[in-house]
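Written below as structure tokens is the structure these notes are about.
The values are calculated or read from the model by the stated rules, or taken from the named source; none is laboratory data. In this text, all values refer to a predicted model and were calculated from it rather than measured experimentally. Cβ coordinates were reconstructed from backbone atoms using ideal geometry, including for glycine residues, and neighbour counts include every protein chain displayed. These accessible areas exclude ligands, DNA and RNA; they are computed on the full protein's heavy atoms, side chains included. Shrake-Rupley method; radii C 1.70, N 1.55, O 1.52, S 1.80 Å.
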There are 2 protein chains.
Amino acid sequence: MKFSVTVTLKKDVLDPQGKVVQNTLINMGLSDLKSIRQGKHFEIEVDEKDETTAKKKVDVMCKKLLVNLIIEDYKISKI
Amino acid sequence: MKFSVTVTLKKDVLDPQGKVVQNTLINMGLSDLKSIRQGKHFEIEVDEKDETTAKKKVDVMCKKLLVNLIIEDYKISKI
């Protein structure tokens, strides 16, 4: 079973990497850009047939390693 | 108008970062993991009302800066 996990910075956390990308795009002439924020994306395949159990396992992975819960939010969705 | 862009490595491209995460998770005892691949995620807000034009602008940003088309695929979706 395959899941997609999107990790984004919480909205009050500064995103210097996104800011650099934003400035670069504006300098390149793409001036309609209002804001850009960067995050991480994971595609996780779990060896488990039951969707609820599989999702729970992915959630454990996120909490234990992939996500810093203090500054980041995450969303798991089946693909 | 807000879009979400997901950038992933093409399937034949090695993903050393994902491999490290995978090994770490397995060493932590999460043995049901079959595979994990890491990518990038962008949340882009564009100052443009028309959806088609806005999407086209995001596409230009991806092609010009955000995505390395030789080794990466990308997907744009409205949020």
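Given the structure, is A:Val58 aliphatic (A, V, I, L, M) and out of contact with any helix residue (DSSP H, G or I) (no Cβ under 6 Å at 6 or more places or on another chain)? Spelling it out, A:Val58 is indeed aliphatic (A, V, I, L, M) and out of contact with any helix residue (DSSP H, G or I) (no Cβ under 6 Å at 6 or more places or on another chain). Would you confirm whether any residue within segment A:30-51 is out of contact with any strand residue (DSSP E or B) (no Cβ under 8 Å at 6 or more places or on another chain), under 30 Å from B:Val60 (Cα atoms) and modelled with pLDDT under 95? Yes, segment A:30-51 contains at least one residue that is out of contact with any strand residue (DSSP E or B) (no Cβ under 8 Å at 6 or more places or on another chain), under 30 Å from B:Val60 (Cα atoms) and modelled with pLDDT under 95.
Checked against (1) touching a helix residue (DSSP H, G or I) at 6+ places or on another chain (Cβ under 9 Å); (2) of a type in the set (Val, Ile, Thr); (3) modelled with pLDDT under 95, A:Ile26 passes all but a single condition, namely (1). When A:Met28, A:Met61, A:Met1 are screened for being under 21 Å from B:Ile26 (Cα atoms) and open to solvent by 40 Å² or more (accessible area, probe 1.4 Å), only A:Met1 passes.
Restricting attention to segment B:18-38, which residues are outside any strand (DSSP E or B), within 20 Å of the chain's Cα centre (by Cα) and facing chain A (nearest Cβ under 10 Å)? The answer is B:Gly18, B:Val21, B:Gln22. Looking across segment A:39-59 at every residue that is within 18 Å of the chain's Cα centre (by Cα) and more than 7 Å from chain B (Cβ to nearest Cβ), the one that is farthest from B:Ile79 (Cα to Cα) is identified as A:Lys56.
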